[in-house]
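The values are calculated or read from the model by the stated rules, or taken from the named source; none is laboratory data. All of these numbers come straight from a predicted model, not from anything done at the bench. Cβ placement follows ideal geometry from the backbone for every residue including glycine, while neighbour counts extend to all protein chains displayed.
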Amino acid sequence: MSALKSVSPRKQAPGALTYDVVVVGAGFAGMYMLHRLRGIGLSARVYEQGGDVGGTWYWNRYPGARCDVESMQYSYSFSDELQQEWNWSERYAPQPEILRYANHVADRFNLRSDIQLNTRVDGAVFDENTNSWLVTTSEGNTITAKYVVLATGCLSNARMPDIKGLSDFKGKVFHTGHWPHEPVDFTGLRVGVIGTGSSGIQSVPVIAEQASHLTVFQRTANFSIPARNAPLTEEEREAFRAKYPEIRRFAREEARNGIYTEPPDRGALDDGDNERRAKYEARWSRGGLTFMSVYNNLALDKSANDTAANFVRDKIAEIVKDPQTAKLLQPNNHPIGSKRICVDTDYFVTFNRPNVTLVDIKSNPIEEILPNAVRVVGQDYEVDALVLATGFDAMTGSVAKIDIRGRNGRTLNQKWAEGPKTYLGLMSAGFPNLFIVTGPGSPSVLSNMMVSIEQHVDWITDCLGFMRERGFEAMEAMREAEDKWVAHVNEVAHTTLYPQANSWYMGANIPGKPQIFMPYIGGVGVYRQICNDVAAKGYEGFVMI
Ligand code: N01
């Protein structure tokens, strides 16, 4: 598939821009959305607050940042030429390489001419008389668009922790989700890392190699599986490429999480101890997220889950020499997988280094940050630099920053005050012609994001084509369909162990955020079928006018 031409704005009154579609965000979702919109002849403008394309991979430049889905699968499938020609260098691509890939796609498909960088979308107000949106940006643009697509990402609103004294700290403070563009050199510095989720777990081993001393402040120990990252050989790439049709089909239609792997055919308790241990060993040696796919009931049955959790806890005890440190690193307050499982390179072994200290801030919380130290009950830990790996206001945070006003001037934030409400994670009743890519209520963060992004963008594109063919002006989720979907998302979540963890999936990391399990856990294959069926029935559950 070659580059498609930019479609000129439909009409342009002086001072006001008019496009068919405004897309918010130029990450992988926004870029593919633009490409598809051009393909059906709609004019579109993408607004991106970052200085370049790439979304999450533009911002998250912290040491050790890389994808936890294998590169050959964490890539677009819409262009066979692209997937055949791009050479991923490692099993898990590092952040700079993924960002290069995003830039390559922008150039290859000639996307840049319709992307305005360094521009935040501040507001979008629906005009019921014209069935269109009035969009305003940080750069003073005012745009009228029939449709708005929020491609704002699920983990793009980095959260600064509310810790007393943080602003008085004299050294440099970095957030992993907002890392500077120039290289950061920790050589000879005493560094403190706060947070031990995926970002902390990836950055700790790399920072430990540079810092004179690294202190890791851990509130919740996390389960992590070794990545077993390695360079990809040409033979491996070729083998993958030859199988792409089946790999992509399986990832879309059959895999629960959009990742090609052998599907589990039995539960953990169906095997005896030795057999089970051998299977866990094999997956541990292979490395990566598919550790959790060895059995089909690890997310459902606590006794089954305990067998996997105990296996990983035993591994931590084997790797970490100091028994007290090992004990602290063993997760103990949530089922394995109920918080996003981490994938690491040398995380646990890093705690055997003489220049690394683990501090348990669950038992002894951080009291305050002093100009040169972190004060934990009873002790000050002197640091020259602080790395905050404290996560994101996930799934709703970036949407909430935009002042979105739908029918009767009601804001999306008012509507979502008690938790996000969507139909299929794609639209919210009362907000016509506003689409969300990988929104709450869709599999999104529980899946290979590339698979979910492509599915949503394709569905939205087909839907806009359908509306145009039939002369519809506006489309809106019906309240009853939305209520049923929200109830279904919630019901399915509660058949699993996921709600047992205080995770960002539940909004639990943000004080005051409603605690609702936000993504849809029914699986990407099942979800795709539901979306396809809805479309086949003339967009059942949506009103078109
Ligand atoms: O954020 P997190 P993340 N004082 O929210 C702690 C994706 N991702 O950036 O658990 C002290 O998971 C918090 O403690 P607790 C991936 O989906 C992917 O690491 O709330 N500590 C936790 O330990 C991932 O899940 C990749 O008790 C505080 C940590 O900070 C998601 O992004 C790489 C605190 C935050 O962990 C988010 O990961 C990176 C406070 N005030 C990220 N506030 C890959 O593809 C928070 N914490 C590999």
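Any idea which residue in segment 387-416 is surrounded by the fewest Cβ atoms within 10 Å (Cβ to Cβ), counting only those that are away from the ligand (no atom under 16 Å from the Cβ) and in a strand (DSSP E or B)?
Among those residues, the one meeting the criterion is D403.
Can you spot a residue in segment 299-312 that is modelled with pLDDT of 95 or more, among the small types (G, A, S), surrounded by fewer than 17 Cβ atoms within 10 Å (Cβ to Cβ) and over 21 Å from P443 (Cβ atoms)? Before you say what the answer is, go through the steps one by one.
First pass over segment 299-312, keeping only residues modelled with pLDDT of 95 or more: 299-312.
This time we only want the ones that are among the small types (G, A, S), so: 299, 303-304, 308-309.
Subset that is surrounded by fewer than 17 Cβ atoms within 10 Å (Cβ to Cβ): 303.
From what's left, over 21 Å from P443 (Cβ atoms): 303.
The answer is yes, given that some residue of segment 299-312 is modelled with pLDDT of 95 or more, among the small types (G, A, S), surrounded by fewer than 17 Cβ atoms within 10 Å (Cβ to Cβ) and over 21 Å from P443 (Cβ atoms).
Got a number for residues in segment 54-77 being assigned to a loop (DSSP other than H, G, I, E, B), under 28 Å from N118 (Cβ atoms) and either touching a Lys or Arg at 6+ places or on another chain (Cβ under 8 Å) or within 16 Å of the ligand (Cβ to nearest atom) (or both)? Lay out the reasoning, then the answer.
Kept after step one, since they are assigned to a loop (DSSP other than H, G, I, E, B), are these residues of segment 54-77: 54-55, 60-65, 67-77.
Okay, now just the ones that are also under 28 Å from N118 (Cβ atoms), so 54-55, 60-65, 67, 74-76.
Still in the running and either touching a Lys or Arg at 6+ places or on another chain (Cβ under 8 Å) or within 16 Å of the ligand (Cβ to nearest atom) (or both): 54-55, 60-65, 67, 74-75.
Of the residues in that region, 11 qualify.
Just wondering, is there one or more residues in segment 318-330 that are surrounded by 15 or more Cβ atoms within 10 Å (Cβ to Cβ) and either on the phi > 0 side of the Ramachandran plot or not in a helix (DSSP H, G or I) (or both)?
The answer is yes; a qualifying residue exists.
Quick one: what pairs do we get from segment 84-104, first residue over 22 Å from A26 (Cβ atoms), second assigned to a helix (DSSP H, G or I), C-beta under 6 Å, 6+ apart or different chains?
If the second residue must be assigned to a helix (DSSP H, G or I), the pairs left are Q84/R241.
Pairs under 8 Å by beta carbon, first residue farther than 17 Å from L426 by Cα in segment 390-410, partner basic (K, R), six or more apart or different chains?
Sorted first by the residue in segment 390-410, then by its partner, the pairs are T390/R159; G391/R159; F392/R159; D393/R159; D393/K513.
Please name all residue pairs, on different chains or six or more residues apart, with Cβ atoms under 7 Å, provided the first residue is in segment 509-531 and is among the basic types (K, R) and the second residue is crowded, with 18+ Cβ neighbours inside 10 Å.
K513/G507; R528/R252; R528/Q455
Which of (1) more than 24 Å from the chain's Cα centre (by Cα); (2) part of a strand (DSSP E or B); (3) of a type outside the set (D, E) is the odd one out, the single condition V148 does not satisfy?
With respect to (1) more than 24 Å from the chain's Cα centre (by Cα); (2) part of a strand (DSSP E or B); (3) of a type outside the set (D, E), V148 is out only on (1).
Which residue is farthest from the ligand (Cβ to nearest atom), if the candidates are limited to segment 175-190 and must be crowded, with 21+ Cβ neighbours inside 10 Å and not in a loop (DSSP other than H, G, I, E, B)?
That would be H175.
Looking only at residues in segment 500-534 that are β-branched (V, I, T) and assigned to a helix (DSSP H, G or I), which one is farthest from the ligand (Cβ to nearest atom)?
Result: V534.
Do we find that R120 is under 15 Å from L34 (Cβ atoms) and more than 16 Å from the ligand (Cβ to nearest atom) in this structure?
So R120 does not fit the description; no.
Kindly provide the set of residues from segment 356-370 that are part of a strand (DSSP E or B), over 28 Å from the mean Cα position of the chain (by Cα) and more than 11 Å from the ligand (Cβ to nearest atom), ordered by number.
V356, T357, E367, E368, L370
Checking V193 against (1) under 27 Å from the mean Cα position of the chain (by Cα); (2) more than 16 Å from the ligand (Cβ to nearest atom); (3) at pLDDT 95 or above, which test does it fail?
Condition (2) is where V193 drops out.
Can you confirm whether V451 is buried (at least 23 other Cβ atoms within 10 Å of the Cβ) and over 26 Å from E128 (Cα atoms)?
Yes, satisfied.
Name the residue, out of W133, W179, that is under 24 Å from L37 (Cα atoms) and either at pLDDT below 95 or touching a Phe, Trp or Tyr at 6+ places or on another chain (Cβ under 8 Å) (or both).
After ruling out the rest, the residue left standing is W133.
Check every one of the helices (runs of 4 or more DSSP H) wholly within segment 198-256 and list those with 3 or more residues that are within 16 Å of the ligand (Cβ to nearest atom).
Details: elements: 198-210, 234-242, 244-253.
Here the list reads 198-210.
Just need a number here: residues in segment 129-145 that are surrounded by fewer than 19 Cβ atoms within 10 Å (Cβ to Cβ) and in a strand (DSSP E or B).
Residues flagged as surrounded by fewer than 19 Cβ atoms within 10 Å (Cβ to Cβ) and in a strand (DSSP E or B) within segment 129-145 amount to 3.
Say we look at segment 164-174 and pick out the residues that are touching a residue at least 12 places away in the same chain (Cβ under 8 Å) and outside any loop (DSSP other than H, G, I, E, B); which of these is nearest to the ligand (Cβ to nearest atom)?
L166
Taking L289, is it within 13 Å of the ligand (Cβ to nearest atom), at pLDDT below 95 and surrounded by 15 or more Cβ atoms within 10 Å (Cβ to Cβ)?
So L289 fits the description; yes.
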